[in-house]
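To keep things clear, I will list the structure first and then write my remarks on it.
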Amino acid sequence: MYVAVKGGEKAIENAHALLAKRGSGQERVTAQQISEQMGVLVSRVMNEGSLYDPELAAKALLQAQGDVLEAITLLRSYRTTLPRFGVTAALDTGALPPERRISATFKDIPGGQQLGATFDYTHRLLAEELHTPEVPAAQGEAAEAMPRVTDLLGRSALVEPDHPQDWADPEPGDLTREPATFPMSRAERLQALARGDEGFLLSLGYSTQRGFGNTHPFAGEVRIGEIEVLFEAPEIGHEVPIGRIEVTECQMVNQFVGSAEKPPQFTRGYGLSFGRAERKAMSMALVDRALRAAEFGERAVSPAQDEEFVISHCDNVQATGFVEHLKLPHYVDFQAELVLLRQLGAEFGQSTDGRASNDPD
Amino acid sequence: MADSHTAVPPEQRQRTARVLAGASAAELAELWRNWPNRPEVEYLRAPESGLVMVQGRAGGTGDRFNLGEATVTRATVALHTGAEQAVGTAYVLGSHPEHAGLAAIFDALLNSGQREQVLTEVITALEQRQNAQDAARRAEARSTVVDFFTVARENDGDEEDEE
């Protein structure tokens, strides 16, 4: 139980002033500098804050002095102040040519393997100074279309289809509007994972690779690029583009031996995230596949396969709220425990005194 | 809010909305500042910030799911030139009231007698600039196309390689 305390206004005010001073530095960096030069960090805040707006995410990071969870909380609170105009058309991730597109399963794919802006194959040596080398533009060749690798595989029936033949394209549940109830639909799980903590999902994904619910994953495709967002406003009457957002998509392809109902074929895990967030998308895809255990009649024996465990603990705003509330004053609560413990101690002392005289052991 | 002029076909409206959303607020402000005989602007709905829920699809083409929200700003304006009135609406991703306001003004101009002028001087001009930027970025990205070749499996006949 938490009992409110009063007082301390002056001290709290001064503590906030001290906080601001600690974060002010010699010279303020601008939100624009943060969003341009720390784009990956900004992506993380947008994902877990569940709000796409690189400028606001950069502002939140500055205000939070780089505390990612604090920045995420700021974005989450901010979004509650805005009205929702509606729901966009579902993103067509196959549409625009991505900046980065790789497949670890097929060497030769239409459109080619395009590394894009990646940390892969860097030497991981700390640089004295950062340089911006020239990027040579590829000459002449027109950009070939880059279809999704899983769509190519799908045509040969080696990979499970994205949806059954008789499919009504169901309206997804929205966890920001309805309370979470278990078991969830895959769509609701994907929403929870998309806003889930990157570190938590990374560890869970890693645990599946180490044998805790192994799903034998391959990175079928990772792609990063800008996508047009289409929105149908009632006063316009049809879908129109309202701008572009950058997303990262990961298709995991997993072994599946088949069951009485289903033929042996590759199964899939899916990850989608805002901005440049490859680790997050890959982890999300691993956990998505692990959570589909029941669908394939797999024995759920590991944490990553436990829907309630994963979904209830992946939201870091909830997690940090509950963990950090422990540092708020619990004096009355603790006082009650103290009284109880003193009483129990006194009783214990009396009973052991009595026993000691009767029983030398 | 009905448009004042004859209905614009959806694909044309999509083109102009794409270009206006893709432009920067500064570019639009510059074009508007230099617009000859600017009509009087009345905000039927002043620029307003809000959210749209962005949806994705499981596996890319499967069930829809809610990925997360994005900020969006919308505005609706009426332009008055003498007795003529034209109404325009814009929705633009991000939190830039001036961008949404200016996009709505040009949308209204597209619904007015000045449509052809806006198409050539604003839409086509901005579109060419945007296409050039896209092409340049794609050419840079194409320079990172890699041709991996597998080594171990291609030197056949060596039994020691088998693992």
Q | Accessible area of A:Thr30 in the full protein assembly, 1.4 Å probe (Å², nearest 10) | A | 70 Å²
Q) In debye to the nearest 20, how big a dipole does the protein assembly as shown give about its Cα centre with +1 on each Lys and Arg Cβ and -1 on each Asp and Glu Cβ? A) 1300 debye
Q) Could you name the lysines in cross-link range of A:Lys327, using Cα to Cα under 22 Å and dropping any fewer than eight places away on the same chain? A) A:Lys6, A:Lys10
Q. Any idea how far apart A:Val135 and B:Ala132 come out in nm if each label point goes 7 Å out from Cα toward Cβ?
A. 1.9 nm
Q | Mean accessible surface per residue for segment B:10-142, computed with a 1.4 Å probe while every protein chain stays in place, in Å² | A | 39 Å²
Q: Before anything else, pin down the relative contact order of chain A: Cα pairs under 8 Å, at least 6 apart, normalised by residue count, whole percent.
A: 18 percent
Q) With every protein chain kept in the model, how would you rank A:Glu128, B:Glu69, A:Glu239, B:Glu98 by accessible area, 1.4 Å probe, largest at the top? A) A:Glu128, B:Glu98, A:Glu239, B:Glu69
Q. Under a 1.4 angstrom probe, counting protein chains only, how are A:Trp167, B:Trp35 ranked by accessible area, largest first?
A. A:Trp167, B:Trp35
Q | Debye log10 I(q)/I(0) at q = 0.17, 0.19, 0.26 Å⁻¹ for segment A:47-111, Cα point scatterers | A | -0.77, -0.83, -1.07
Q. Using the Karplus equation 6.51 cos²θ - 1.76 cosθ + 1.60 (θ = phi - 60°), what ³J(HN,Hα) coupling, rounded to whole Hz, does each residue of segment A:151-167 give in order, writing x for Gly and Pro?
A. 5, 5, 5, x, 4, 9, 6, 7, 10, 4, x, 5, 8, x, 4, 8, 10
Q.
Compute the distance from the alpha-carbon center of segment A:78-104 to that of segment A:179-197, in whole Å.
A. 18 Å
Q: Report, for the protein assembly as shown, the % of DSSP beta bridges that are antiparallel, rounded to 5.
A: 90 percent
Q: Indicate the residues belonging to segment A:229-252 that lose 40 Å² or more of solvent-accessible heavy-atom surface (probe 1.4 Å) upon moving from the chain alone to the assembly of all protein chains, ignoring ligands and nucleic acids.
A: A:Glu235, A:Ile236, A:His238, A:Pro241, A:Ile242, A:Arg244
Q. Residues of B:87-94, mean number of Cβ from any other protein chain within 10 Å of their own Cβ, rounded to a whole number?
A. 5
Q: Just the number, please: buried accessible area between B and A, total of both chains, 1.4 angstrom probe, nearest 100 square angstrom.
A: 5900 Å²
Q. Using a probe of 1.4 angstrom, how much of the accessible area of segment A:14-79 is carbon and sulfur, in percent?
A. 52 percent
(Q) If I model chain A as equal point scatterers sitting on the Cα atoms and use the Debye formula, what is log10 I(q)/I(0) at q = 0.08 Å⁻¹? (A) -0.55
Q) What residue among A:Ala11, B:Ala75, A:Gly112 has its Cα farthest toward the positive end of the dipole of the protein assembly as shown, where the charges are +1 on Lys, Arg and -1 on Asp, Glu, each on the Cβ? A) A:Ala11
**Q.** Rg to Rh quotient for segment B:10-142, alpha carbon positions, Kirkwood Rh
**A.** 1.03
Q | Accessible area of segment B:10-142 belonging to carbon and sulfur atoms, whole % at 1.4 Å probe | A | 48 percent
Q: Go ahead and estimate [θ] at 222 nm for chain B from helices alone: -39,500 (n - 2.57) per DSSP H run with n ≥ 4, summed, over the residue count, rounded to 500.
A: -11000 deg cm²/dmol
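The values are calculated or read from the model by the stated rules, or taken from the named source; none is laboratory data. Because the structure is a prediction, the values reported are computed rather than measured. Ideal geometry is used to build each Cβ from the backbone, glycine not excepted, and the neighbour counts take in all protein chains shown. Protein only, heavy atoms only, side chains kept; ligands, DNA and RNA dropped before computing areas. Shrake-Rupley method; radii C 1.70, N 1.55, O 1.52, S 1.80 Å.
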